[in-house]
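Worksheet: one structure, shown below.
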Amino acid sequence: MKPVSTVLLFCVMLASQAARAENPSSFNLQAALSDETFDLKLNQGKTVVLHFLLKTECPYCLRYTNEYARLAATTPEVVHLFIKPDSVDEIKSWAGSLDKTGLADLPKIYRDPGAKLAKQFGIPDGYKFHGQKVHFPALVALNGNGKEIFRYVGKNNGDRMSTGDFTKKLESTMAK
């Protein structure tokens, strides 16, 4: 009984946070390793996918970012943003482990100091990982008007939406 009640509690928590959160209609992010910025308003008409990564040296985040960076290289009509709440130095160290194989450039990693944007999107936090309190890993897809079309919030550090499942979900959502 305990595992079922834990899962039920988690689902209720996600639903209540999502219901309270109003996604921002506009936001800017600063790239951690360059002077580039991302402005949602300047990307109207494009599908934008926010990948909220964990605050730490998470190896699952590295693998996930590598997989989605390769997908992004083949789908230029979809903008993928990899977002970490870490400091510039922490991101620089972490990004040094990304695999550039098959990519023209390493993916840009954007900073979300204090996980402010993650909180605005209602990504739950309170998850403990490597002794740090972090938000759950999440993916939020926005349509060309900046409105959310779907999201996936993991239940632990290794729970991520696969690129195959993402592609199917995006295609089915766009077909509607």
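Remarks
- Of all residues making up the range 157-167, the number that are modelled with pLDDT under 95, among the charged types (D, E, K, R) and either assigned to a strand (DSSP E or B) or surrounded by fewer than 17 Cβ atoms within 10 Å (Cβ to Cβ) (or both): 1
- Index of the failed condition, residue 48 passing every other in (1) at pLDDT 95 or above; (2) in contact with a Leu (Cβ under 8 Å, 6 or more places away or on another chain); (3) exposed (fewer than 12 other Cβ atoms within 10 Å of the Cβ): (3)
- Residues of the range 81-98 satisfying the condition of being in contact with a Lys or Arg (Cβ under 9 Å, 6 or more places away or on another chain) and not hydrophobic (A, V, I, L, M, F, W, C): 84, 85, 86, 87, 90
- In the condition set (1) closer than 17 Å to residue 49 by Cβ; (2) in contact with a helix residue (DSSP H, G or I) (Cβ under 6 Å, 6 or more places away or on another chain); (3) of a type outside the set (A, V, I, L, M), residue 120 is compliant with all but (2).
- Helices (runs of 4 or more DSSP H) within the range 37-130 that include 1 or more residues under 19 Å from residue 167 (Cα atoms) and within 14 Å of the chain's Cα centre (by Cα): 59-74
- Flag for residue 136 being aromatic (Phe, Trp, Tyr) and touching a Phe, Trp or Tyr at 6+ places or on another chain (Cβ under 6 Å): yes
- Flag set for residue 90, criterion: without any contact (Cβ under 8 Å) to a residue 40 or more places away in the chain and under 21 Å from residue 57 (Cβ atoms).
- You will find that of 149, 83, the residue that is touching a His at 6+ places or on another chain (Cβ under 7 Å), among the β-branched types (Val, Ile, Thr) and in contact (Cβ under 8 Å) with a residue 24 or more places away in the chain is 83 and no other.
- Taken over the range 134-156, the criterion of being outside any strand (DSSP E or B), more than 9 Å from residue 53 (Cα to Cα) and under 10 Å from the mean Cα position of the chain (by Cα) is satisfied by no residue.
- Residue check, residue 81 under 21 Å from residue 46 (Cβ atoms) and among the hydrophobic types (A, V, I, L, M, F, W, C): yes
- Qualifying residue in the range 136-145 (condition: modelled with pLDDT under 90 and out of contact with any Leu (no Cβ under 8 Å at 6 or more places or on another chain)): yes
- Residue check, residue 117 surrounded by 16 or more Cβ atoms within 10 Å (Cβ to Cβ), farther than 24 Å from residue 31 by Cα, out of contact with any strand residue (DSSP E or B) (no Cβ under 6 Å at 6 or more places or on another chain) and not small (Gly, Ala, Ser): no
The values are calculated or read from the model by the stated rules, or taken from the named source; none is laboratory data. Bear in mind that the values here come from a model prediction, so they are computed numbers and not experimental data. Neighbour counts are summed over all protein chains in view; Cβ atoms, including those assigned to glycine, are modelled from backbone coordinates with ideal geometry.
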